[in-house]
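Have a look at this one before I ask anything.
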Amino acid sequence: MEKQKILIADDSEMNRALLAEILKEQYDVAEAENGAEAISLLSKQRADFSLLLLDIMMPEMDGYTLTREIRSFSSIPILFL
């Protein structure tokens with residue numbers, strides 16, 4: 001059975017690494033270090049992701065703005081960190 005894919009969007013490399021380590025056995029994990037990178041990944045592979053774990057405070061685009069952008073093209077579940 002294929003693993004579900006989760007996207008972690010957080011500007012903290014340590015937070016991304018910790019979450020990826022916790023989740024990697026049960027999920028395929030992709031990482032984005034800012035909102036712009038997350039938008040790019042989601043727009044290219046939106047059907048691939050089952051969940052977005054999202055930091056609220058990020059440079060370039062905060063979590064709230066990113067959520068509004070994502071909602072214009074996807075209904076992916078989002079959990080704020």
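Looking at the calculated P(r) for the range 34-78, what percent of the C-alpha pair distances fall above 17 Å? Write down the numbers at each step before the final one.
Details: 189 of 990 pairs.
Everything past 17 Å amounts to 19 percent.
Over the chain, what percent of the accessible surface lies on carbon and sulfur atoms, probe 1.4 Å?
Exposed carbon and sulfur together represent 51 percent of the surface.
What do you get when you divide the Cα radius of gyration of the chain by 2.2 N^0.38 Å, with N the number of residues?
This ratio for the chain stands at 0.99.
Further question on the same structure: With charges set only on the Cβ (+1 for Lys and Arg, -1 for Asp and Glu), what does the dipole of the range 1-63 come to about its Cα centre, in debye to the nearest 20?
320 debye
Rounded to the nearest whole Å², what accessible area per residue is found for the chain with the 1.4 Å probe?
62 Å²
So between Ser12 and Ile56, what do we pick up on full extension, going 0.36 nm a residue minus the alpha carbon distance?
In short, 14.7 nm is gained.
What's the whole-number percent of alpha carbon pairs in the range 5-49 lying beyond 18 angstrom?
The answer is 24 percent, as a whole percent.
The values are calculated or read from the model by the stated rules, or taken from the named source; none is laboratory data. All figures in this text were calculated on a predicted structure; none of them were measured in a lab. Methodologically, a virtual Cβ is constructed for each residue, glycine included, from the backbone with ideal geometry; neighbour enumeration extends over all protein chains shown. Surface accessibility is based on the protein's heavy atoms, side chains included, excluding ligands, DNA and RNA. Shrake-Rupley method; radii C 1.70, N 1.55, O 1.52, S 1.80 Å.
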